[in-house]
Amino acid sequence: MLLSFINMKLRDEYGNLDALAEGLDISTSELETIVQKLKDVGYTYNAELNKFA
């Protein structure tokens, strides 16, 4: 669920992770937590594609 939500927001509304954090009004540490949770289940952020894969 988290993966789908984050990738949808990146695809449709935000050009990068920093813009996502600002747009969703989340702190850097909260963003790092999200990134780590996705990494723990095998997904990493690809800046070129602007998505987790």
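Data table
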{"read-out": "Cβ pairs under 9 Å, 6+ apart, first in region 12-37 and aromatic (F, W, Y), second not in a helix (DSSP H, G or I)", "value": "Y14/L24; Y14/N50"}
{"read-out": "Residue ID - farthest from K51 (Cα to Cα), chosen from residues in region 7-32 that are among the small types (G, A, S) and assigned to a helix (DSSP H, G or I)", "value": "S29"}
{"read-out": "Residue under evaluation G42, criteria (1) on the phi > 0 side of the Ramachandran plot; (2) touching a Leu at 6+ places or on another chain (Cβ under 8 Å), criterion not met", "value": "(2)"}
{"read-out": "Any hit, region 35-46, residues being within 10 Å of the chain's Cα centre (by Cα), part of a helix (DSSP H, G or I) and either surrounded by 14 or more Cβ atoms within 10 Å (Cβ to Cβ) or β-branched (V, I, T) (or both)", "value": "yes"}
{"read-out": "Looking only at region 1-11, and only at residues there that are free of Cβ contacts under 8 Å to residues at least 40 places away in the same chain and of a type outside the set (A, V, I, L, M, F, W, C), the one that is surrounded by the most Cβ atoms within 10 Å (Cβ to Cβ)", "value": "K9"}
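Read-outs throughout are calculated quantities, based only on the coordinates presented, and are distinct from any laboratory measurement. On a predicted model such as this, the values are computed, not experimentally measured, just so you know. Quick reminder, even Gly has a Cβ in these numbers, built from the backbone with ideal geometry, and neighbours come from all protein chains shown.
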